[in-house]
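Notes follow the structure.
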Amino acid sequence: MTVELFDDEMFEEEPAPPRRPPREPRRPRSGRRGETAKRVLVALPWIVFAIVITVLGGIVFAAAMIGIGMVALGEFAGIARRYRPLVIPAYVSVAALILAAHFGTAFNVLYVLAAAFPLLFAFAADRRHRDGATVSMGVTLLGVIWIGIPLVHAVFLRDLPNHGAALLIDVLVGTFVADTAAYATGRMFGSHKIAPNLSPNKTVEGLIGGFLIGTMGFWFAGLYQDWLSGIDALLIGAAVAAAAPIGDLFESMLKRDLGTKDTGTLFGPHGGILDRLDAVFFTIVVGYYLAVALVY
């Protein structure tokens with residue numbers, strides 16, 4: 001009988017402990033601050049520009065709106081190029097709408113909008129544009145309405161007697177405060193998505209934060225305007241803060257459908273002019289009608 005002094009299992013190697021997956025390098029805080037600083041530096045000249053043209057008003061403001069409309073239409077034509085939008089009639093229509101708003105009334109704006117249809121037809125009937133003319137005219141009209149009508153209301157709001165400039169700045173403050181607050185609160189507390197198929201980063205928490213802080217931003221801007229009561233400021237501010245995310249989601253829907261991330265590079269890291277004014281295109285219309293109803 002033999003006795004085994006050593007068990008074979010004693011010589012088996014123990015399995016190596018599982019390796020931990022390598023940690024992803026954290027982005028340095030200085031890099032985040034640097035990116036934020038770049039965004040602020042890019043935005044500052046445009047903030048100054050907005051204040052200057054609002055204070056000057058008149059034909060200067062109307063001309064600035066035409067310039068913004070031309071740039072915005074150029075971006076829209078770029079992201080929708082596969083549908084062959086009719087660029088020339090779009091430019092003419094938006095410029096005419098803004099001039100009609102400044103020199104005329106809402107009826108004159110309606111006349112120009114009606115005249116845009118035969119103008120579109122004249123260009124679409126050309127042999128080069130005849131194929132797919134229906135889609136081309138439809139996309140062109142979308143650009144004219146989406147961009148032109150809000151700029152018309154910006155002129156209407158600025159041209160209101162006595163308080164037009166202040167009300168316009170209040171609407172802009174409320175819009176951008178709501179947008180910034182929605183982004184910040186969504187990043188800090190957001191967990192419930194609003195419309196993941198349109199804009200995956202927007203959350204219910206961000207929506208609530210943007211609405212509350214945006215409303216208070218408009219109200220705070222109106223504290224130094226004795227002609228604007230606190231209740232009226234809260235009502236207009238709430239409407240502006242509620243409309244801002246709708247404008248943002250509307251543009252997100254278009255970009256998602258057209259397969260693009262940003263509409264342009266005019267604002268550097270901020271994207272194009274449509275990326276910056278998507279919320280304003282909705283809030284400026286709401287702000288104008290509530291200002292007329294409550295202040296005048």
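The values are calculated or read from the model by the stated rules, or taken from the named source; none is laboratory data. Quick caveat: nothing in here was measured; it's all calculated off a predicted structure. With ideal geometry, Cβ positions are generated from the backbone for all residues, glycine too; neighbour counts draw on all protein chains shown. Just so you know, the surface numbers come from the protein's heavy atoms only, side chains and all, with ligands and any DNA or RNA stripped out. Shrake-Rupley method; radii C 1.70, N 1.55, O 1.52, S 1.80 Å.
Rounded if a/c is under 1.5, else prolate if a/b is larger than b/c, else oblate: which is the stretch 54-111, with a ≥ b ≥ c the root eigenvalues of its Cα gyration tensor? It is oblate, given that a/c is not under 1.5 and a/b is not larger than b/c. Once backbone amide H atoms are built at 1.01 Å from N, ILE194 has LYS202, THR203, VAL204 as its partners under 5 Å, excluding neighbours fewer than 5 places away on the same chain.
Our coupling estimate for the stretch 165-170, obtained by passing each phi through the Karplus curve with A = 6.51, B = -1.76, C = 1.60 and θ = phi - 60°, is 5, 5, 5, 4, 5, 4 Hz, Gly and Pro reported as x.
Placing a pseudo-label 7 Å from each Cα along the Cα-to-Cβ vector at ILE246 and VAL292 gives an inter-label distance of 1.7 nm.
Surface composition of the stretch 69-175: carbon plus sulfur atoms contribute 71% of the solvent-accessible area (1.4 Å probe, protein chains only, all chains present). Within the accessible area of the stretch 247-296, the carbon and sulfur atoms contribute 61%, probe 1.4 Å, all protein chains present. With Cα atoms defining each centre, the stretch 195-238 and the stretch 93-112 are spaced 30 Å apart in the structure.
Could you check how much of the accessible area of the stretch 202-242 is carbon and sulfur, as a whole percent, using a 1.4 Å probe? In the stretch 202-242, the share of accessible area belonging to carbon and sulfur is 78 percent. Which residues in the stretch 169-185 place their backbone N less than 18 Å from a point set 7 Å from the Cα of VAL204 along the Cα-to-Cβ direction? Inside the label zone: 182-183, 185. Rounded to the nearest Hz, the phi-derived 3J(HN,Hα) couplings of the stretch 226-234 under the Karplus curve 6.51 cos²θ - 1.76 cosθ + 1.60 (θ = phi - 60°) are 5, 7, 10, 6, x, 5, 4, 5, 5, where x marks glycine and proline.
Computed over protein heavy atoms with a 1.4 Å probe, the accessible surface of the stretch 121-249 works out to 50 Å² per residue.
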